[in-house]
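Please treat every number below as a calculation from the coordinates, not as lab data. Bear in mind the structure is a predicted one, so any value in this text is a computation, not a measurement. Every residue, glycine among them, receives a Cβ derived from its backbone with ideal geometry; neighbour counts consider all protein chains shown.
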Amino acid sequence: MARPRPRDDLATLTGYHSPQLSVDVRLNTNEAPEAPPPAFTAAVQEALADLEWHRYPDRGAWELRRAIARLHGRSAEHVFCANGSNEVLQTVVLAFAGAGRTVATFEPTYAMHGHIARISGATTVAGHRNEDFTLDLERVADLIDTSRPSVVFLCSPNNPTGTVETEASISSVLAMVEAADGLLVVDEAYGQFSPWSALSLLDEERSLVVTRTFSKTWAMAGARLGYLLGPTWLVAELDKVVLPYHLDAVKQRAGLVALDFVEAMEQRVAAIVEERGRLQVALTALGATVWPSGANFILFRPPAERGLEGQTVWERLVERSVLVRNTSSWEGLDGCLRVTVGTKDDNDRFLDALTDTLDRSRGAPTSRPPGTETG
Ligand SMILES: Cc1ncc(COP(=O)(O)O)c(C=O)c1O
């Protein structure tokens, strides 16, 4: 029997790869380093007590949409929720891209944007960033002019570089995208860590959506919940495309409860931003090249003079039970690694492991660089 073949256009697809290794310190997927407070867990348990397990959930998740809308000073018709922001992005692509249409990304960026587009059958075009990972607006204009994409992705802060797009650059790209009758998606999975948000640019008359997630700042990656804010006419299109009852009742309630803990979330964000600063200083002191980050992770390149490739540094860190993201072979990121900002202890473990790795590469005794004592 001949096996059924998947679609020809999927033949070269390799799927999503991020090793899930069993290590002590996991700093590879930009999750929140700590669970939400015990009061949250208790409130979720209470909220689930009268759940009607035998009934389908509220199909539109309207209570949750209303609560998210309140958080952002909007109305529920501007909100679309799904199973993680990945499903939000997928729904946007299913509705506005797909076969016969084009999706544009600016590399290096979040790999799932192009991946989801290709799975939808869309053609993808990849523009490239400047060496410092900012956008070259002239090159962006050229790409949009020639390929006239239906959907353009920007990610701010950008994963994996940490770059925050300026308001001026997002506004310029939006004007270009609108002139090509396309839609601009600004992925703000790390938006709360950043000094400004494209949410301020949303308007019923603009072809702009902003996506957010509960996976990072809300410390709920296990629940898979994300959303977007956008014009009502666009949200209505997404509601036509998404599967009925896709958002289960447990998640809807957990999301609602999370929104009662905004202060705890903001405290976690502040602590991570502080730790991010400490890590940046320590990595620089170790001789690494460090890029500015507006997110909960840092892109860095280990010092070349130690003679270790990024891949080798990554392996040595794993040997020391520390897992970071190996981006060293990604286009434009030669030799780079991406580390998630963890708890103070996790970050110390990471710095110790990196210091040890680099010291051993030149046969020197193990020692943290001066000024990086963590107390
Ligand atoms: C930029 C970006 N967008 C979206 C996602 C997906 O997040 P979610 O867990 O909400 O699907 C991630 C996850 O790492 C991300 O980095």
Isotropically averaged projected area of the range 211-338, using the convex hull of Cα atoms (one quarter of hull area), nm²: 11.1
Percent of Cα-Cα distances greater than 25 Å, calculated over the range 101-227: 19
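Determine, for Lys240, Lys251, Lys344, the number of other Cβ atoms within 10 Å of each Cβ, and report the residues in order from fewest to most.
Lowest to highest Cβ neighbour count: Lys240, Lys344, Lys251.
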Neighbourhood charge, 14 Å Cβ-Cβ cut-off, centred on Val25 and excluding it, Lys, Arg +1 and Asp, Glu -1: -4
The chain, relative contact order in percent, only Cα pairs under 8 angstrom and at least six apart counted: 21
The range 38-260: relative contact order as a whole-number percent, Cα under 8 Å and 6+ apart: 27
Shape of the range 120-160, Cα gyration tensor, a/c cut at 1.5: oblate
Per residue, the convex hull volume that the Cα atoms of the chain enclose (Å³): 167
With Cα atoms, 0 to 90° folded angle of helix 62-71 axis to the chain main axis: 60
Of Glu263, Glu178, Glu275, the one that fluctuates the most in a GNM where the chain has Cα springs shorter than 10 Å: Glu263
Cβ-based exposure ranking for Trp62, Trp53, in which fewest neighbours within 10 Å come first: Trp53, Trp62
Kirkwood-type radius of the range 38-260, with distances r between different C-alpha atoms, in Å: 17.9
23 Å Cα-Cα reach of Lys251 towards lysines, excluding residues that sit fewer than 8 places from it in its own chain: Lys216, Lys240
Centroid-to-centroid separation of the range 299-323 and the range 103-163 [C-alpha atoms, Å]: 28
Principal-axis tilt of helix 344-361 within the chain, Cα atoms, nearest 10 degrees: 50
Projected label distance in nm at Asp132 and Val262, using a 7 Å step from Cα toward the beta-carbon: 3.5
The range 24-89: Cα Rg divided by the 2.2 N^0.38 Å rule of thumb: 1.43
Which of Asp50, Asp181, Asp356 has the fewest Cβ neighbours within 10 Å, and the rest in rising order: Asp50, Asp181, Asp356
GluC sites (Glu not before Pro) restricted to DSSP loop in the range 1-108 with at most 14 other C-beta within 10 Å: Glu34, Glu52
